[in-house]
Amino acid sequence: MQTMATNAQQSQEWRDSVSILSAQIERNPRNIQLRLKKAAYNIELGQWQYALDEYSNVLDLDPKNLTALYYRGFVNHHLGRYSFARQDYKSVLSITPYDIHAMMGLILTNLADNHVTQAFDDANRLVGYTPSNAEAYAIRAEVEMKLQMEEAAILDIEKAIEIEDTVVRQKYPITVDDNMTNYQLTAFSLYMAKGNRRKARQALDYLVSNGLSKAYLTDYYDWVTKKK
């Protein structure tokens, strides 16, 4: 109940901020920072079309604004406008060729749009460029799963876990939204697909030992203990 109340309060604060920023933008229509702030709140509120319009307004004022290009790509991806998202990410990369977040966004967009071979090629380049980045390995694992390359996906998600473990050691407890939770649950699914219940359970136990509520993982534990 407290979490629901907190979320409702946060949402109201965001809506209030949007109202204030909208009034300020009316008085200062060429103020890019105001528009970027409003678009960020629009995203938090799930107002995707408003965010898209606002980032487009920014780009009308400043066609090479990297923040607006990247986040418009993010919004376009969420709306399923993959060709537009792809173009936005490519525009970022034409200005800053090694922008990691734009590279990741482009890979995930190509994957969602079933351009899997291109996504795989780009994922390989991303890992080559950032060999110590856990997210790079996790994204490549996601592509490999789509390509049914389970063994390769296991190696990559295990590498992501190895790298991310250094972050976990500095942060306790981990939460549902942490990268490590996603990585371990991805590993869990891959291990189960291969019939390796021992390693699948170890993935769950790791999360619990680092502070994630076991109650959240009930269905996973039920799955791993279910008779074959």
Residue match in the stretch 74-84 (condition: open to solvent by less than 70 Å² (accessible area, probe 1.4 Å) and on the phi > 0 side of the Ramachandran plot): yes
Single residue of the stretch 111-127 satisfying the filter (closer than 20 Å to Tyr71 by Cα and in contact with a Ser or Thr (Cβ under 9 Å, 6 or more places away or on another chain)) that is surrounded by the most Cβ atoms within 10 Å (Cβ to Cβ): Ala119
Helices (runs of 4 or more DSSP H) contained in the stretch 150-228 and holding at least 2 residues among the aliphatic types (A, V, I, L, M) and open to solvent by 20 Å² or more (accessible area, probe 1.4 Å): 150-168, 179-193
Where a residue in the stretch 155-174 is over 16 Å from Leu204 (Cβ atoms) and its partner, wherever it lies, is hydroxyl-bearing (Ser, Thr, Tyr) and part of a loop (DSSP other than H, G, I, E, B), with Cβ under 9 Å and at least six apart: Ile163/Ser132
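Which count do you get for residues in the stretch 128-149 that are open to solvent by less than 70 Å² (accessible area, probe 1.4 Å) and aromatic (Phe, Trp, Tyr)?
1
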Asp53 at pLDDT below 95 and assigned to a helix (DSSP H, G or I): no
Number of the condition not met by Met149 [criteria: (1) out of contact with any helix residue (DSSP H, G or I) (no Cβ under 8 Å at 6 or more places or on another chain); (2) more than 19 Å from Asn110 (Cβ to Cβ)]: (2)
Qualifying residue in the stretch 3-17 (condition: surrounded by 19 or more Cβ atoms within 10 Å (Cβ to Cβ) and hydrophobic (A, V, I, L, M, F, W, C)): no
Leading residue by the ranking (nearest to the chain's Cα centre (by Cα)) among those in the stretch 111-148 that are outside any helix (DSSP H, G or I) and closer than 20 Å to Gln184 by Cβ: Asn133
Residues that are open to solvent by 20 Å² or more (accessible area, probe 1.4 Å), assigned to a helix (DSSP H, G or I) and among the polar types (S, T, N, Q), drawn from the stretch 85-110: Gln87, Ser91, Ser94
Members of the stretch 104-131 that are farther than 21 Å from Leu155 by Cα and in contact (Cβ under 8 Å) with a residue 12 or more places away in the chain: Gly105, Leu106, Thr109, Asn110, Ala112, Asp113
Those residues of the stretch 202-223 which are over 21 Å from Thr166 (Cβ atoms) and touching a residue at least 24 places away in the same chain (Cβ under 8 Å), in sequence order: Tyr216, Tyr220, Trp223
Identity of the residue in the stretch 18-34, part of a helix (DSSP H, G or I) and in contact (Cβ under 8 Å) with a residue 24 or more places away in the chain, that ends up surrounded by the fewest Cβ atoms within 10 Å (Cβ to Cβ): Ile32
Count of the stretch 173-211 residues which are among the aliphatic types (A, V, I, L, M) and in contact with an Asp or Glu (Cβ under 8 Å, 6 or more places away or on another chain): 4
Subset tally (residues that are open to solvent by less than 70 Å² (accessible area, probe 1.4 Å), among the aromatic types (Phe, Trp, Tyr) and either over 15 Å from His77 (Cβ atoms) or within 18 Å of the chain's Cα centre (by Cα) (or both)) for the stretch 42-64: 1
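The values are calculated or read from the model by the stated rules, or taken from the named source; none is laboratory data. Quick caveat: nothing in here was measured; it's all calculated off a predicted structure. Because the Cβ atoms are built from the backbone with ideal geometry, glycine has one as well, and the counts that use them run over all protein chains shown. Just the protein is used for accessible areas: all its heavy atoms, side chains included, with ligands, DNA and RNA removed. Shrake-Rupley method; radii C 1.70, N 1.55, O 1.52, S 1.80 Å.
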